[in-house]
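Student: Quick one: structure below, then a few questions.
The values are calculated or read from the model by the stated rules, or taken from the named source; none is laboratory data. As the structure is a prediction and not an experimental result, all values here were calculated from the model. Cβ placement follows ideal geometry from the backbone for every residue including glycine, while neighbour counts extend to all protein chains displayed. Just the protein is used for accessible areas: all its heavy atoms, side chains included, with ligands, DNA and RNA removed. Shrake-Rupley method; radii C 1.70, N 1.55, O 1.52, S 1.80 Å.
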Amino acid sequence: MSAIEQALLTRIVTSQSQLSQILANQGIEVTQATLSRDLDEIHAIKTRLADGTVAYALGKQPEEAASANPDAKTEQQMNRVLSGLVTSVAAARNLVVVHTPSGAAQYVASVVDKQPIDGVLGTIAGDDTVMVICADDDYAKQRAQWLLDVVSKG
């Protein structure tokens, strides 16, 4: 088990800077880029705890059935994040506006950007809002509904 996994299993870690400090206290120096990659490799996700705090947790490995179907795999990966971190979704012309709790938008945008989603060109994130830029108005409507469906499965 890695030092990152151990930290996530034994502590409430709410940010990469906090995790970096925990590792530094153990004599492990890491850059933010390396930490991001490592968190992605161990399938760490941000999730909402019972008290409302958003913290990192170890995600589950994709199921065999999901890996055979790219759409199912994408939905499963998106569901891990979106079900706990998306508060609303709306289409506006070729944009999808996604609201999140404060501080979660950049993480949600990163997850969306990493997925192969037809019609999605990219994202822009603020503190609590993500703008998903779609190829056209129809894609925006389809992706907004798809995101709502994914969120409702959580």
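Student: Exactly one condition in (1) under 16 Å from Ala104 (Cα atoms); (2) without any contact (Cβ under 8 Å) to a residue 24 or more places away in the chain is false for Leu49; which is it?
Tutor: The failed condition is (2).
Student: Looking only at residues in the range 30-46 that are outside any helix (DSSP H, G or I) and out of contact with any Lys or Arg (no Cβ under 8 Å at 6 or more places or on another chain), which one is surrounded by the fewest Cβ atoms within 10 Å (Cβ to Cβ)?
Tutor: Thr31
Student: On the basis of being of a type outside the set (Phe, Trp, Tyr), surrounded by 15 or more Cβ atoms within 10 Å (Cβ to Cβ) and either modelled with pLDDT of 90 or more or on the phi < 0 side of the Ramachandran plot (or both), does Ala91 make the cut? Before the answer, list the steps.
Tutor: On the way: of a type outside the set (Phe, Trp, Tyr): yes; surrounded by 15 or more Cβ atoms within 10 Å (Cβ to Cβ): yes; either modelled with pLDDT of 90 or more or on the phi < 0 side of the Ramachandran plot (or both): yes.
Against the criterion (of a type outside the set (Phe, Trp, Tyr), surrounded by 15 or more Cβ atoms within 10 Å (Cβ to Cβ) and either modelled with pLDDT of 90 or more or on the phi < 0 side of the Ramachandran plot (or both)), Ala91 qualifies.
Student: If you don't mind, there's one more thing I want to ask. When you scan the range 8-29, how many residues do you find that are at pLDDT below 90, farther than 26 Å from Val86 by Cβ and open to solvent by less than 50 Å² (accessible area, probe 1.4 Å)?
Tutor: Result for the range 8-29: 0.
Student: Could you tell me which residue of the range 97-120 is nearest to Asp136 (Cα to Cα), considering only residues that are among the hydroxyl-bearing types (Ser, Thr, Tyr) and in a helix (DSSP H, G or I)? Let's see the steps before the verdict.
Tutor: Filtering the range 97-120 for residues among the hydroxyl-bearing types (Ser, Thr, Tyr) gives 100, 102, 107, 110.
Then keep just the ones that are in a helix (DSSP H, G or I); that gives 107, 110.
Working: Tyr107: 24, Ser110: 21 Å.
My answer is Ser110.
Student: Additional query: So the check is Cβ under 7 Å with 6+ separation or different chains; which pairs have a first residue in the range 127-154 that's outside any loop (DSSP other than H, G, I, E, B) and a second one that's of a type in the set (A, V, I, L, M, F, W, C) and surrounded by fewer than 16 Cβ atoms within 10 Å (Cβ to Cβ)?
Tutor: As it stands, the answer is Thr129/Val97; Met131/Val97; Met131/Ile124; Ile133/Leu121; Cys134/Leu121; Ala144/Ala90, since those pairs meet every condition given.
Student: To continue, here is another question. Considering only the range 57-88, state which residues are among the β-branched types (Val, Ile, Thr) and either modelled with pLDDT of 70 or more or touching a Cys at 6+ places or on another chain (Cβ under 9 Å) (or both).
Tutor: Within the range 57-88, Thr74, Val86, Thr87 meet the criteria.
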